[in-house]
Structures are given as C-alpha cells and as structure tokens.
Amino acid sequence: MTRIAIIGGGISGLAAAFALEEHRRAGDDVDYVLYEASARLGGVLRTESIDGCVVEAGPDSFITEKPWAADLCRALGLGDQLIGSNDADRKTYILTKGRLVVMPDGLMFMVPTKILPTGLSPLFSWKTKLRMTQELFHPPRAVDHDESVAAFVERHYGAEMVDRLADPLLSGVYGGEAASLSVRAVLPRFAEMERTHGSLGRAMLAARKTIKKVGAVPRKPAPPLFTSLKGGMQNLAETVVSRLTPSALLTNAPVQAVQREAGSWVVSAGMQSDEFDSVIIALPAPAAAQVLRIVSPELSAELAAIQYSSSITVALGYDRNVRQSLPPGFGFLVPRSEGKKLLAATFVHNKFPHRAPEDRALLRCFFAGNNAEDVWPLSDDQIIGIVRNELQQILGLRAEPLFARVYKWKSAMAQYGVGHLERLDRMERLRQQLPGLALAGNAYRGIGVPDCVRSGRDGAEQLVET
C-alpha cells in the first residue's frame, strides 16, 4: 500500500485528500493522513450566518473562467448550489479625487476596447487618454526579463493608469502593490500580448474579431464573472471533509519537520513520528520552508523568499434604507493616492443572490498589505470605526450598522514578486531531487480557490502515478 501524508488542511490539502480518496474508492492501494495545525479544516474558507445574511470571512467567490473549483463542487454533488454573480448589475467605481467614478464600459482589466466610453470618462486625464490612443501603435516587443506590473502598465499607458486601475485591481486580488508584483506571473496573458502584438489594445480587438467570426454559430450567454456557493464558501470545505476518512484527519497536529530515511518520508508532529511513501506539503510558503529545512535547505530558502501579505475584511449589515441609498453595482476600489486605509468595498447584496434578505444591505470592506499592517494592532471596534468613518467620507453613509464583524488573516496572500517564475523553475529542479514530494497551495501558480484546488489535485495525481 502507498501511504501519503498531506500537511495542511486548507482547501489545497483537502482537494489533495479528496483526489486520493477517489483513488482509494476506485480500488487503488493508496492511503493518506492529513495533518492540520489548527483545530479546524478549511483554512480561509469560513462563512457565518448573521441576521439572515451569508457573511464570508475569507474569499467570497472564485473566478468562473478557472474551472477547477466548480468541477470539485460538482464532483461533491454541490452543482445545484453554485450561484453566479449578478453581472447584469455589475458596475465598479473608482474613488477619484474624493468622488466615485464608474469604470467605463469596454475596459478589459485596464485595456480599453471601446474608445468612446473611455474617452468620455472622467476617470482619466486627457494626457492618459492620449496615451491610450498612442498605445495602439506599440510595435511587438519580446522582453527577455521579468518586470513589475507597474513598470509594464506605465510603459503602455502611463503612471495614472497604474494608480487608478492596475494597483487597485491587483490589491483586491493579491493584497499587494503593482510595483512589486511580477507581470509574467500575475498577468501572463498581457506579457504574451505585448510579445505578439505590441499593443495590448490591438491584441484585445483582434481577439474580439476572432470571437465574432466564430459567432456564425449561436453563442451561449457569457458565463458570470464570479461563482460562489449558495450557502457560502465554507460549504465547499465542509463537504470535502464529509467525504474523507475521519480517522485520516488529524487536527491540532502541527508538523515540525519531514525527513528522508531509507527511501521513505518521516513526518514528525509533536511527540509522534510516522512513515510515508510520499508527502504533499500544502502550507503557505514560509511554513513549508520550516518543514523542509532539514531535508533540503536550498528548497527551504527558496520557499522562505516568497513574500506574503496580510488582509482584514470587515462585514457590515444595514437596513432597507441604506440598501436603497447605496449606488448600484458591485462596489468600489480606492487608489492608494486617495490617502484612505480602505482598499475596497463590495456591495454583497448586489453582487450575489441569496447573500442578504431583501430588506438588508451587506457591505464587505477590505484592507491589505501595508494598509492592513497599519491597522492590525487596533481593536475590532477601532477598525470598525475607521471603516465607518471612511464609508461616511466616500458614500455619505452615517447609519449605525445592525452588525459588524472583523476577520483578520495574517500573512495569508502570497506575493508573486518580480522573478517569481524563475524561482519556481529553481524550486522544481530541487523538488525533483526529492522523490515522493509534492507542493501545493497559493504560493506557486495562482492565488485563488480554483488554483489551490488544482494544485492539491495535481500534487495527489503526481504522487499516485509515480
């Protein structure tokens, strides 16, 4: 029998365990033990029901375009619980000089594909609008080195585009700054567009023409941008756990180290050690570095060099009057140049069905990176006070919330810095020197829930096949 240890009980580790459970039930001679340092499984997937509202402490959804999380939901029998975002009402605002300005129609991330709405938008200065026009004439360019997203975007559209769009958009996903994130790791499609077309705008327009040519065949309606679960994201983790062998799940079991001995892997957790054929390490990179420090100092050093940022989400519930007073749309983003602590706020009742009763407004406010570190030492009441003060400044919202919750996630979001893909190549060479080792989690090739699910499943398949 092949015995596999899974270290880490977040969604990456749970996805790995579910893949192994499927193999076991199909008759493969495989067994597993999952170690989780905390008392609960599921990591950042945590949902609360408050005053009839579905409140997400961690991620509230996942990108529909990446199929792995939805595929797992269907495999678990949760297909009928999948819900899409209300994209007919999708509208995002950018705080610009103290007022909310709607993102113009036709902006694909930050690339304008419709000239008129962008040209008429007060979001950008005339200088930036001129840069957008000039960008259409950029020649193809093969860049032989990695660079930051900020440098890449500034080359194409100027510093204002970085400040007002690229940085706020990436803050909401990675909790980091465009100036430190790798364009090749974070926006690989854009780097490829520059190589083939030069102009990002021309590349986008060419892609749209191709889609229209194929359009002789009746096209299905576009899928929603975001997908979630009707009862909340924690339902995904709980359902996976319910399908696993209970005796194989060890909580309150922090792993101190793994070592290689006579072709096997020895996992040390507390006063106990156990022997396995293979190991999947599904931990944040700094924790993975600690676990691997004995067996491979070199791989440990590469893992330790991957930076993480912290985040804080604040959920606020309000009554019908507030719901009716809020602007339509999904919420707003705040450029750092606006001098606020908040980086974003989501109008959850607009974004997803089933998240709040008709007479409730549910807001989800977000701090990350340096902004989160600045307010981290404060009490929950003080953090709620900052949120309420800034919501008053931005939205004119003075009402007392019906409820407020603060959720803190220390060093939870991996930062794909410049040179990240080269680091992954070095790590893969080092990993191949350690037969029976797989790495999974948000530190490598995607930070969202679908990427974590894929990494856990791929790690399990890789070890079963060897």
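So which residues in segment 278-307 are part of a strand (DSSP E or B) and open to solvent by 40 Å² or more (accessible area, probe 1.4 Å), if there are any at all? The one that is part of a strand (DSSP E or B) and open to solvent by 40 Å² or more (accessible area, probe 1.4 Å): Q307. Only one of (1) more than 24 Å from the chain's Cα centre (by Cα); (2) open to solvent by less than 20 Å² (accessible area, probe 1.4 Å); (3) farther than 27 Å from G52 by Cα is not met by A440, so which one is it? Result: A440 passes all but (1).
On the given criteria, is L236 in a loop (DSSP other than H, G, I, E, B), open to solvent by less than 40 Å² (accessible area, probe 1.4 Å) and hydrophobic (A, V, I, L, M, F, W, C)? Against the criterion (in a loop (DSSP other than H, G, I, E, B), open to solvent by less than 40 Å² (accessible area, probe 1.4 Å) and hydrophobic (A, V, I, L, M, F, W, C)), L236 does not qualify. Just one residue in the set L236, L316, L303, L326 is within 30 Å of F109 (Cβ to Cβ) and touching a Pro at 6+ places or on another chain (Cβ under 6 Å); that residue is L316. Selection of segment 9-38 for residues being out of contact with any Pro (no Cβ under 8 Å at 6 or more places or on another chain) and of a type in the set (G, A, S) yields G9, G10, S12, G13, A15, A16, A17, A19, A26, G27, S38. Would you confirm whether or not segment 52-62 contains a residue that is touching a strand residue (DSSP E or B) at 6+ places or on another chain (Cβ under 9 Å) and either of a type in the set (S, T, N, Q) or farther than 22 Å from G317 by Cβ (or both)? Taking every residue of segment 52-62 in turn, at least one turns out to be touching a strand residue (DSSP E or B) at 6+ places or on another chain (Cβ under 9 Å) and either of a type in the set (S, T, N, Q) or farther than 22 Å from G317 by Cβ (or both).
Being open to solvent by 10 Å² or more (accessible area, probe 1.4 Å) and in a helix (DSSP H, G or I) is the filter here; which residues of segment 165-180 pass it? Residues satisfying the conditions are D167, L169, G172, V173, Y174. Is one or more of the residues making up segment 1-19 closer than 23 Å to I280 by Cα, part of a strand (DSSP E or B) and open to solvent by 50 Å² or more (accessible area, probe 1.4 Å)? Yes, because at least one residue in segment 1-19 is closer than 23 Å to I280 by Cα, part of a strand (DSSP E or B) and open to solvent by 50 Å² or more (accessible area, probe 1.4 Å). Which residues, counting only those in segment 285-314, are within 30 Å of G385 (Cβ to Cβ) and not aromatic (F, W, Y)? Scanning segment 285-314 gives Q307, S309, S310, S311, I312, T313, V314. Among residues that are modelled with pLDDT of 95 or more, assigned to a helix (DSSP H, G or I), farther than 29 Å from G176 by Cα and open to solvent by 50 Å² or more (accessible area, probe 1.4 Å), E275 is not included. Evaluate segment 375-382: report whether one residue or more is touching a helix residue (DSSP H, G or I) at 6+ places or on another chain (Cβ under 7 Å), on the phi > 0 side of the Ramachandran plot and not charged (D, E, K, R). For segment 375-382, residues touching a helix residue (DSSP H, G or I) at 6+ places or on another chain (Cβ under 7 Å), on the phi > 0 side of the Ramachandran plot and not charged (D, E, K, R): absent. Kindly establish whether V266 is within 30 Å of G417 (Cβ to Cβ) and surrounded by 15 or more Cβ atoms within 10 Å (Cβ to Cβ). No; evaluated as a whole, the condition is false for this residue.
The values are calculated or read from the model by the stated rules, or taken from the named source; none is laboratory data. What you are looking at is a predicted structure, and each value in this text was computed from that prediction instead of being measured. Don't worry about glycine lacking a Cβ; one is built from the backbone with ideal geometry, like all the others, and counts go over all protein chains shown. These area figures cover heavy atoms from the full protein model, side chains too; ligands, DNA and RNA do not enter into them. Shrake-Rupley method; radii C 1.70, N 1.55, O 1.52, S 1.80 Å.
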